[in-house]
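What follows is a short report on a single structure.
FYI, it's all coordinate maths here, none of it is from the lab. Not measured: the values here are computed from a predicted model. FYI the Cβ positions are ideal-geometry reconstructions off the backbone, even for glycines, and counts take in every protein chain you see.
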Ligand SMILES: NC(=O)c1ccc[n+]([C@@H]2O[C@H](COP(=O)([O-])OP(=O)(O)OC[C@H]3O[C@@H](n4cnc5c(N)ncnc54)[C@H](O)[C@@H]3O)[C@@H](O)[C@H]2O)c1
């Protein structure tokens with residue numbers, strides 16, 4: 001027998017799935033995988049908005065660092081009068097830490113993966129979450145550029161896999177770029193859109209093509225700024241000044257590249273280059289050289305600028321000063 005064009009047993013399966021998704025929209029527990037720069041910010045924002053968070057990292061020291069960073073960032077919010085001391089403490093109490101995925105995702109309604117940007121690693125993690133989390137759990141990735149459809153392909157629930165691309169620093173930046181994989185269901189997209197609004201963010205929808213929206217536009221601009229330096233059209237200060245004062249960007253593209261990490265920029269450009277097969281996305285040879293030399297920007301102490309004295313003052317790196 002057909003119900004609405006579907007065999008009755010398939011229709012009742014769909015009913016069950018939608019009932020599960022409705023449950024998922026009343027999410028209580030969020031798993032966050034990877035407690036680095038992004039993972040600790042994502043855990044912070046969910047905990048601040050009343051969700052219980054299981055923060056998972058393979059490195060115990062990364063979890064310790066993350067808890068210290070979250071507490072420090074809450075202190076900043078308390079000092080600015082945005083959060084009370086009690087709210088800070090209640091939020092911190094909502095975060096539990098785990099060193100393996102199997103223990104951490106068993107009771108989660110949503111898992112946000114924010115581990116290192118490597119396809120092989122993320123595929124392995126998605127398979128593990130799929131095997132260990134409840135059937136209704138939505139699996140999201142914070143990847144900057146890796147295909148959501150490809151991550152979904154290693155799971156038994158591709159309709160519940162989605163991109164949730166937060167921006168750095170997560171507690172401050174309003175945007176969440178939501179990426180629909182090829183098989184992501186409309187209900188899952190709506191659930192994540194609503195959840196993003198619930199935690200005070202503004203969602204923007206994108207489809208799953210290399211770089212999505214954010215990095216498809218940002219990375220070629222950064223690469224072009226590096227070419228402009230490489231070809232001697234302008235110096236570091238001049239390039240960043242033109243974009244700040246001329247285009248009203250809050251920081252120049254070379255400074256931004258140093259903040260993102262030059263290795264990350266190169267990796268994303270390679271995803272664009274491979275994905276579109278178009279030479280316009282090939283990373284500039286200067287960027288490749290800098291990454292090979294270990295000049296990765298803020299995290300290594302030097303990129304286009306020198307960061308050994310902190311991030312407040314802009315000092316052009318000796319390699320580029322006149
Ligand atoms: N840094 C940014 O500005 C930024 C912005 C948006 C999105 N992203 C994306 O967010 C993700 C994380 O980036 P990040 O900058 O926070 O990286 P990071 O290097 O600061 O942190 C990654 C963490 O993942 C952990 N990890 C590695 N393998 C793991 C595993 N199997 N299980 C659990 N944890 C594991 C590492 O120990 C590390 O603590 C990447 O996909 C990146 O592309 C980064």
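Report the far tail of the P(r) of the range 214-316, meaning the percent of Cα-Cα pairs longer than 16 Å.
54 percent
Pick out which of 107, 198, 263 has the largest mean-square fluctuation in a Gaussian network model of the chain, springs linking Cα atoms closer than 10 Å.
198
Viscosity 0.890 mPa s, temperature 25 °C: what is the translational diffusion coefficient of the chain from Stokes-Einstein with a Kirkwood Rh over Cα pairs, rounded to a whole number of µm²/s?
The estimated diffusion coefficient comes to 117 µm²/s.
Once both labels are modelled 7 Å past Cα along the beta-carbon direction, what's the residue 292-residue 75 spacing in nm?
4.3 nm
Taking neighbour counts of Cβ atoms within 10 Å as a proxy for exposure, in what order, fewest first, do 44, 249 appear?
249, 44
Taking the 0 to 90 degree range and rounding to the nearest ten, how far is the long axis of helix 60-79 tilted relative to the main principal axis of the chain, both from C-alpha atoms?
Taking Cα atoms only, the helix is inclined about 80 degrees.
Could you calculate the contour length gain from residue 89 to residue 276, that is, 0.36 nm times the residue separation minus the distance between their Cα atoms, to one decimal place in nm?
62.6 nm
Take the alpha-carbon centre of the range 24-55, take the same for the range 95-130, and report the distance between them in whole Å.
The two parts, judged by their Cα centres, are 12 Å apart.
Just 85, 187, 270 to compare: in a GNM of the chain, with alpha carbon springs under 10 Å, which one fluctuates most?
85
Using only the alpha-carbon atoms, how far is helix 37-48 inclined from the longest principal axis of the chain? Give it as 0 to 90 degrees, nearest 10.
Relative to the chain, helix 37-48 is tipped by roughly 50 degrees.
If I fit a long axis through the Cα atoms of helix 262-276 and take the longest principal axis of the Cα atoms of the chain, what angle between them do I get, 0 to 90°, rounded to 10?
60 degrees
Just to verify a number: FRET efficiency for residue 198 and residue 245, C-beta to C-beta distance, R0 = 41 Å, to 0.05?
Computed FRET efficiency for residue 198 and residue 245 comes out at 0.60.
How far apart, in nm, are two points set 7 Å out from the Cα along the Cα-to-Cβ line at residue 175 and at residue 233?
Here the answer is 2.2 nm between the modelled labels.
In a Gaussian network model over the chain where Cα atoms closer than 10 Å are linked, find which of 306, 35, 91 has the largest mean-square fluctuation.
Residue with maximal mean-square fluctuation among 306, 35, 91: 306.
Taking the Cβ of each residue in 151, 229, 121, 269 as the centre, tally the other Cβ atoms inside 10 Å and list the residues starting with the fewest.
Least to most surrounded, the residues fall as 121, 229, 269, 151.
Take the Cα atoms of the range 25-151, find their three principal axes, and give me the spread along each one in whole Å, biggest first.
43, 28, 24
Between the range 179-242 and the range 272-322, how many Å separate their Cα centres?
19 Å
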